[in-house]
Amino acid sequence: MAVRPQQLLRTEIANMRSYRVTDAGGYVKLDAMENPYGWPEALQKQWLGVLEKTALNRYPDSQAVQLRQNFSKTFSVPGGTHLMFGNGSDELIQLLILSIAKPDACILTVAPSFSMYRLIAEFVGVRVIEVPLSASSFTLQVDQTCAAIQENDPAVVFLDCPNNPTGLLWPQQQVEQIVQHSGGLVVIDEAYAPFASRTMMPLLEKYSHVLMLRTLSKMGLAGLRLGCLLGARQWLEEFNKLRLPYNVNVLTQLSASFALDNISVLEAQTRLICEQREQLITAMRAINNIQVFPSEANFILFRTLDKSADAVFSQLLEHKILIKNVADGLLLENCLRVTVGTEEENRAFLDALHSALA
């Protein structure tokens, strides 16, 4: 008799659902926090010239030395901070949680926040503690968070700064208070740092148990799947033992280094996205029957007040506009999240939203 998956898989795996990515073919794609702009033609030709010289028959640099140097210089990484790259931040989150996968281990985060913290912990078999954000404003409840840390002693605390899907950037004083109460690691995930007014990077120098996640995906290199973990040498040397060799391929390393050498192009696009974000927020706040939340990311969270989020989402799809339906019973009731697109895409979204709400 052939063996069935249920006979071999851990219970938590068998009971999970796979992460779904919606087919965006034929839609204005505003669901995944991507940079909507491509590279200028001249820059694309230069990039292809770099790739043409690549020796695909050789393994990539396992330590990504050149990329590490470019990354540190471009983002003014504090001296003495070590870097480790992954196949997107998701791989690095998985490595972090795998490293503390003891029977009594747990991680802590806030809710709502980036879903992969919980999903990865669940399939690794690590308990998850979630502290709700403020129901009215999605702000940190620092006292409750510190109390949960005191009670559960999490091995890792994950803080998404700015937070996905709410778009808020926590005050550094509040983040530092959580850091000071934590006996384990605190991982500050700055995936949306390019769109924020400030960074928490100074905390890397101040606290040896603070790590940081960065990615190039939101700036315009989502297709490369490149994430970076920053922190003290004593931690990264341990995590590096779990990293699979050659996990970042040669095309990604070369393309990312090339992009960092031409960072001014991506920075100009980032500034344009921030300008479009403020214009889109202003336009959305002029609509009476939705609540629009502030954002320091490249997306905007809003709540429908008269219609259900499901109905509005479906009607937007009929207008070929794809955003993210994040509505659930945990603070996000009737909430939707839209990525900031080009001026034309944002206008199409607003027109469709007016129609869907009518």
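Checking each residue in region 75-95 for being touching a helix residue (DSSP H, G or I) at 6+ places or on another chain (Cβ under 6 Å) and not aliphatic (A, V, I, L, M) picks out P78, T81, H82, G86, D90, Q94. If only residues of region 349-358 that are open to solvent by 10 Å² or more (accessible area, probe 1.4 Å) and of a type in the set (G, A, S) are counted, the one that is nearest to E34 (Cα to Cα) is S355.
May I ask you to say which residue of L30, L51 is more than 27 Å from Y192 (Cα to Cα), touching a Leu at 6+ places or on another chain (Cβ under 8 Å) and not aromatic (F, W, Y)?
Details: L30 fails: more than 27 Å from Y192 (Cα to Cα).
That would be L51, the only listed residue that is more than 27 Å from Y192 (Cα to Cα), touching a Leu at 6+ places or on another chain (Cβ under 8 Å) and not aromatic (F, W, Y).
Just one of the numbered conditions (1) in a loop (DSSP other than H, G, I, E, B); (2) open to solvent by less than 30 Å² (accessible area, probe 1.4 Å); (3) over 18 Å from A297 (Cβ atoms) is not true of L244: (2).
Among the residues of region 328-348, write down those that are open to solvent by less than 90 Å² (accessible area, probe 1.4 Å), modelled with pLDDT of 95 or more and over 20 Å from the mean Cα position of the chain (by Cα).
Initially, region 328-348 is screened for residues open to solvent by less than 90 Å² (accessible area, probe 1.4 Å), giving 328-332, 334-342, 345-346, 348.
Filter once more, keeping what is modelled with pLDDT of 95 or more: 332, 334-342, 345-346, 348.
Listed by number, the residues that qualify are N334, T342, E345, N346, A348.
The conditions of being touching a residue at least 24 places away in the same chain (Cβ under 8 Å), exposed (fewer than 14 other Cβ atoms within 10 Å of the Cβ) and not in a loop (DSSP other than H, G, I, E, B) are met by E238. Just one of (1) within 23 Å of the chain's Cα centre (by Cα); (2) assigned to a helix (DSSP H, G or I); (3) of a type in the set (D, E, K, R) fails for D351. It is (1).
From the list L67, L98, L108, the lone residue that is surrounded by 17 or more Cβ atoms within 10 Å (Cβ to Cβ), in contact with a helix residue (DSSP H, G or I) (Cβ under 8 Å, 6 or more places away or on another chain) and within 20 Å of V157 (Cα to Cα) is L108.
Of all residues in region 55-80, those that are closer than 21 Å to N262 by Cα have Cβ atoms under 6 Å from Cβ atoms of residues that are open to solvent by less than 70 Å² (accessible area, probe 1.4 Å) and of a type in the set (G, A, S), 6 or more apart or on another chain, in Q66/S257; L67/A256; L67/S257; N70/S257.
Just to verify a result, which residue in region 140-197, among those that are among the charged types (D, E, K, R) and closer than 21 Å to R127 by Cα, is most open to solvent (accessible area, probe 1.4 Å)? Of everything passing the filter in region 140-197, E151 is most open to solvent (accessible area, probe 1.4 Å). Of the strands (runs of 3 or more DSSP E) that lie entirely inside region 65-149, those containing 1 or more residues that are over 30 Å from V250 (Cα atoms) and out of contact with any Asp or Glu (no Cβ under 9 Å at 6 or more places or on another chain) span 106-111, 127-132. Residue count for region 98-115 satisfying the condition of being within 17 Å of the chain's Cα centre (by Cα) and modelled with pLDDT of 95 or more: 7.
Going by the conditions given, is T145 polar (S, T, N, Q), free of Cβ contacts under 8 Å to residues at least 40 places away in the same chain and in contact with a helix residue (DSSP H, G or I) (Cβ under 6 Å, 6 or more places away or on another chain)? Before the answer, list the steps.
Details: polar (S, T, N, Q): yes; free of Cβ contacts under 8 Å to residues at least 40 places away in the same chain: yes; in contact with a helix residue (DSSP H, G or I) (Cβ under 6 Å, 6 or more places away or on another chain): yes.
In short, yes.
The residues of region 311-340 that are without any contact (Cβ under 8 Å) to a residue 40 or more places away in the chain, under 17 Å from S355 (Cα atoms) and among the charged types (D, E, K, R) amount to a single one, E318.
The values are calculated or read from the model by the stated rules, or taken from the named source; none is laboratory data. Nothing here was measured: the structure is a model prediction, and the numbers come from that model. Quick reminder, even Gly has a Cβ in these numbers, built from the backbone with ideal geometry, and neighbours come from all protein chains shown. Ligands, DNA and RNA are excluded from the accessible area calculation, which covers all protein heavy atoms including side chains. Shrake-Rupley method; radii C 1.70, N 1.55, O 1.52, S 1.80 Å.
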